[in-house]
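The values are calculated or read from the model by the stated rules, or taken from the named source; none is laboratory data. Here the structure is a predicted model, which means the values were calculated and not measured. Virtual Cβ from ideal backbone geometry, glycine too; neighbours counted across all protein chains shown. Side chains included, ligands, DNA and RNA excluded: accessible areas come from the protein's heavy atoms. Shrake-Rupley method; radii C 1.70, N 1.55, O 1.52, S 1.80 Å.
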Amino acid sequence: QVQLVESGGGLVQAGGSLRLSCVASGSTFTFSRAVIGWYRQAPGKQRELVAAISSAGNTNYADSTKGRFTISRDNAKKTVYLNLNSLNPEDTAVYYCNAQSIPTWRPGDYWGQGTQVTVSS
């Protein structure tokens, strides 16, 4: 069993920044070996990849977030961070953390409850 808890969302003006955190726990889960991804879902839209990071620190970004968002991980703290910069209203969504136990960019079975990011114009 894996638990993922996101935090750091909120309301920010366009051009602003936020830092999201995803903390993982679970007795059968080896965090350091997992691929952790951030996804988002806006109202009326499908859930989409924002960024992901492998156990080796390799990263994968959506074209819409490349250059503005940065994903990083701290295995000692079992935490993955997502720095969101130059935010615009199109970034408004619920942001979810995902854990994948095998080395693939495809999302895994474990999801957090999500954290709301709202960007005002």
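The accessible surface of the chain, taken with every protein chain in place and a 1.4 Å probe, is 47 percent carbon and sulfur. Only aspartates and glutamates eight or more places from Lys77 in sequence, or on another chain, were considered; those with a Cα closer than 17 Å are Glu6. Among residues other than Thr92 with Cβ under 11 Å from its Cβ, the summed charge is 0 (Lys and Arg +1, Asp and Glu -1).
The translational diffusion coefficient of the range 15-121, from Stokes-Einstein at 20 °C and 1.002 mPa s with a Kirkwood hydrodynamic radius over alpha carbon pairs, comes to 154 µm²/s. In the range 51-98, which trypsin sites (Lys or Arg not before Pro) are in a loop and have at most 13 other Cβ atoms within 10 Å, using DSSP for the loop call? Taking the range 51-98 and a limit of 13 other Cβ atoms within 10 Å, the loop trypsin sites (Lys or Arg not before Pro) found are Lys66. Prolate is the label for the range 77-121. Its Cα gyration tensor axes, ordered a ≥ b ≥ c, give a/c of at least 1.5 and a/b above b/c. In order along the range 89-102, the phi-based Karplus estimate (6.51 cos²θ - 1.76 cosθ + 1.60, θ = phi - 60°) of 3J(HN,Hα) comes to x, 5, 7, 5, 4, 8, 9, 10, 9, 9, 10, 10, 8, 10 Hz; Gly and Pro are listed as x. Of the trypsin sites (Lys or Arg not before Pro) found in the range 20-55, those in coil by DSSP whose Cβ has at most 13 other Cβ atoms within 10 Å are Lys45. Couplings for the range 10-21, taken from phi via the Karplus curve 6.51 cos²θ - 1.76 cosθ + 1.60 with θ = phi - 60°, read x, 9, 9, 7, 4, x, x, 9, 9, 10, 9, 10 Hz in order; Gly and Pro are left as x. In the context of the full set of protein chains, residues of the chain present 52 Å² of accessible surface per residue (probe radius 1.4 Å, heavy atoms only).
Using r as the Cβ-Cβ distance of Ser55 and Gln116, and R0 as 25 Å, what FRET efficiency do you calculate, to the nearest 0.05? My answer for the efficiency is 0.30. Straight-line cross-link partners of Lys45 among the lysines, defined as a Cα under 23 Å from its Cα and at least 8 positions apart when in the same chain: Lys66. Heavy-atom accessible area for Ser25, with the other protein chains in place and a 1.4 Å probe, reaches approximately 50 Å².
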